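What follows is one structure encoded as structure tokens, with my remarks underneath.
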Amino acid sequence: MQQITNTILMVRPVAFRLNEQTAVNNYYQEEIDGVMPETIQIKAQREFDAYVEKLKGIGVNVIVIQDTEEPDTPDSIFPNNWISFHENGNVGLYPMFAENRRLERREDALDVLEAQGFHIENIIDYTAAEEEGIFLEGTGSIALDRVNRKAYCALSPRADEELFIEFCEDFEYLPIIFTANQTVDGERKPIYHTNVMMCLAETFAVICLDSIDDKKERENVKKHLKEDGKEIITITETQAANFAGNMLQVKAANDEPYLIMSASAYATLTKHQIETITKHCKILSSSIETIETCGGGSARCMMAEVFLPKK
């Protein structure tokens, strides 16, 4: 069992913009005043292409799927929310909060992976939960410790507790449940995705513990991370707001581990935090400012990790 992979699936956008359907509970999204939609799309594509080139440059196997103009899917650049791939050949399909995000699910993504020699054993489909208004947005909602078989989930309108427990039973993970909040207009409101406030790497975890207001829940999360030998690197709520929690560790050439993050996340880290991370692995950052501002997601959200076995 491995925690990190060399193969990443990414979706190149054709109509990227601020998604009004997700903005209701993603408080990271912002309008870019005075910028035409066509300009936003062009900038997003440039950021995406430069990011992919950087990943390929260190030896990551990036499988890029081109989005289609129809149907209209402004958030297609974040595939990790609707699909996950596992070492036993299982694939998870997830129920999405925003109706227009449900259109991102594409069977041809599986065809592309099979054509590249990956084996799909079984598809576990939770999408019927959408009809009941129940959601669980993939590895956005769930942070997986694949080696220690633990799954961390910050409950929110996009992460239902019962469905998360069902996922853990199906995929054989121990559920670790908590609520992570951020301050919005003076009120504490749930952070929309777990992967905004925590990143699980092989030997460390980057986490905004300050966002877990309940002391018992906070101590429980720390206990599990510590007993699994993870060095805990804490970030502030301000750093999390700059996507310093939205990172992903991947395998580069020769199985060398890298922590992937955005340029804005890197810029907000302290010298001590950077030194602590680089004791464990190298860092790769890329500027994705337009994607972060309009999409309210960052580097980790753009990567769906492929752990499927080869045929």
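Since every read-out is calculated from the coordinates, none of them should be taken as a lab result. Remember, predicted model here, so these are calculated numbers, not experimental data. Methodologically, a virtual Cβ is constructed for each residue, glycine included, from the backbone with ideal geometry; neighbour enumeration extends over all protein chains shown.
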Query raised in the report: Are there any pairs, at least 6 apart or on different chains, whose C-beta atoms fall under 8 Å, with the first in region 269-285 and in contact (Cβ under 8 Å) with a residue 12 or more places away in the chain and closer than 19 Å to A252 by Cα and the second among the aromatic types (F, W, Y) and surrounded by 11 or more Cβ atoms within 10 Å (Cβ to Cβ), and if so, which?
Result: I277/F204; H280/F204; C281/Y258; K282/Y258; I283/Y258; I283/Y266; L284/Y258; S285/Y266
Report summary line: Checked region 150-169 for anything without any contact (Cβ under 8 Å) to a residue 60 or more places away in the chain, within 24 Å of M303 (Cβ to Cβ) and not in a loop (DSSP other than H, G, I, E, B); matches are A151, C153, A154, A159, F164, C168
Report summary line: Of (1) part of a loop (DSSP other than H, G, I, E, B); (2) of a type in the set (D, E); (3) under 23 Å from G138 (Cβ atoms); (4) over 19 Å from the mean Cα position of the chain (by Cα), E217 fails just (1)
Query raised in the report: Restricted to region 129-146, and to residues that are in contact with a Cys (Cβ under 8 Å, 6 or more places away or on another chain) and part of a helix (DSSP H, G or I), which residue is surrounded by the most Cβ atoms within 10 Å (Cβ to Cβ)?
Result: S141
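So if I check each of L225, L269, L248, which one is out of contact with any helix residue (DSSP H, G or I) (no Cβ under 9 Å at 6 or more places or on another chain), at negative phi and crowded, with 21+ Cβ neighbours inside 10 Å? Talk me through it step by step, then tell me what you get.
Details: L269 fails: out of contact with any helix residue (DSSP H, G or I) (no Cβ under 9 Å at 6 or more places or on another chain); L248 fails: out of contact with any helix residue (DSSP H, G or I) (no Cβ under 9 Å at 6 or more places or on another chain).
Only one candidate passes the filter, namely L225.
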Report summary line: Residue count, region 193-214, condition in contact (Cβ under 8 Å) with a residue 60 or more places away in the chain and not in a helix (DSSP H, G or I), comes to 8
Report summary line: Per the list (1) in a loop (DSSP other than H, G, I, E, B); (2) under 16 Å from the mean Cα position of the chain (by Cα), residue check on E292 breaks on (1)
Query raised in the report: Given the conditions (1) more than 29 Å from A98 (Cβ to Cβ); (2) of a type in the set (S, T, Y); (3) in contact (Cβ under 8 Å) with a residue 40 or more places away in the chain, and given that T234 satisfies all but one, which numbered condition is not satisfied?
Result: (3)
Report task. Might you let me know whether region 60-77 holds any residue that is in a helix (DSSP H, G or I) and among the polar types (S, T, N, Q)? Result -> no
Requested in this report: Please state which one of I124, I120 is surrounded by 15 or more Cβ atoms within 10 Å (Cβ to Cβ) and part of a loop (DSSP other than H, G, I, E, B).
Outcome: I120
